[in-house]
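Here is the structure we will look at.
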Amino acid sequence: MQKTTYEDYKYCMQDVGNLYLGTKYTLGEILAKEDITFKFRLITERYLLPESDREDTLETHLYYLDEKSFLVQIYKQLKAKVKINIIEEKKTITGKRKKEYTTKVLPIEKLVQMTPAQKEEKGVVITELCLSKLALMAF
C-alpha cells in the first residue's frame, strides 16, 4: 500500500514585500523546510514551539491562539495577516438567502478577537499566513 500525503495548503511563496505560508505545515515541518526563510524558522523555534507542539499545524496554532498570549504581540510585530474562508449569508437576485464560503484577509488582531466557539460557529478555515518581509528583517 502506498502512503499519500496531503500537500494542499503546504507552500511557501514570496513576493517583493510579503512571505506567504500555507497553514497545513506542522511546526516541525517548518523547521525542516529549507525554502522557508531562516528568520521565520528561528521565530518558530524560539517562540512558537515552547507554547505549542511540533505536530501542531500552523492552522491549529492560529485557530486556538489566545488574545492575551505573548505570541499575538510577535505576530503584530511581524504585521501578520491571515487568509480565511468563512461562511456568510448572501442574498441572491431572487431575494433568497444562501450561505456560502467567502475568502477574507484579516489582520491577526481581528482573528484572535473571535473565540474558538465563534470561529466554529462561523465555519472559519484558516488557509494562509502572510508576513511582512520588512517586519521579518527588523525582528
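Which trypsin sites (Lys or Arg not before Pro) in the stretch 84-127 pass both tests, a DSSP loop state and at most 12 other beta-carbon atoms within 10 Å? Present the calculation step by step, with values, prior to reporting the outcome.
On the way: sites: LYS90, LYS91, LYS96, ARG97, LYS98, LYS99, LYS104, LYS110, LYS119, LYS122; in loops: LYS96.
For trypsin sites (Lys or Arg not before Pro) across the stretch 84-127 that sit outside H, G, I, E and B with at most 12 neighbouring Cβ atoms in 10 Å, the list reads LYS96.
Just so you know, the averaged projected area of the alpha carbon convex hull for the stretch 1-128 sits at 10.9 nm².
Taken along the Cα-to-beta-carbon direction at a fixed 7 Å, the label points for LYS76 and ASP8 span 3.5 nm. Of the chymotrypsin sites (Phe, Trp or Tyr not before Pro) found in the stretch 37-69, those in coil by DSSP whose Cβ has at most 16 other Cβ atoms within 10 Å are TYR64. Taking label positions 7 Å along the Cα-Cβ direction at both LYS90 and ARG54, the computed distance is 4.3 nm, reported to one decimal.
Straight-line cross-link partners of LYS39 among the aspartates and glutamates, defined as a Cα under 17 Å from its Cα and at least 8 positions apart when in the same chain: ASP15, GLU29. A crude spin-label estimate for the pair MET137 and ASN18, with each label 7 Å from Cα along the Cβ direction, gives 1.8 nm. For a modelled paramagnetic label at TYR47, 7 Å from Cα along Cα-to-Cβ, the residues of the stretch 97-139 in reach, with backbone nitrogen under 14 Å, are 108-109, 130-139.
Over the residues of the chain, the helix contribution to mean residue ellipticity at 222 nm works out to -7500 deg cm²/dmol, using -39500 (n - 2.57) for each DSSP H run of at least 4. Measuring against 29 Å, Cα to Cα, the residue pairs LYS68/LYS98; LYS10/LYS104; LYS68/LYS91 contain LYS68/LYS98; LYS68/LYS91 as the ones spanning a longer distance.
Where a number appears in this text, it was derived from the coordinates with a stated rule and is not lab data. None of these values were measured; they are calculated from a predicted model. All Cβ positions, even for glycine, are placed from backbone atoms using ideal geometry, and neighbour counts span all protein chains on display.
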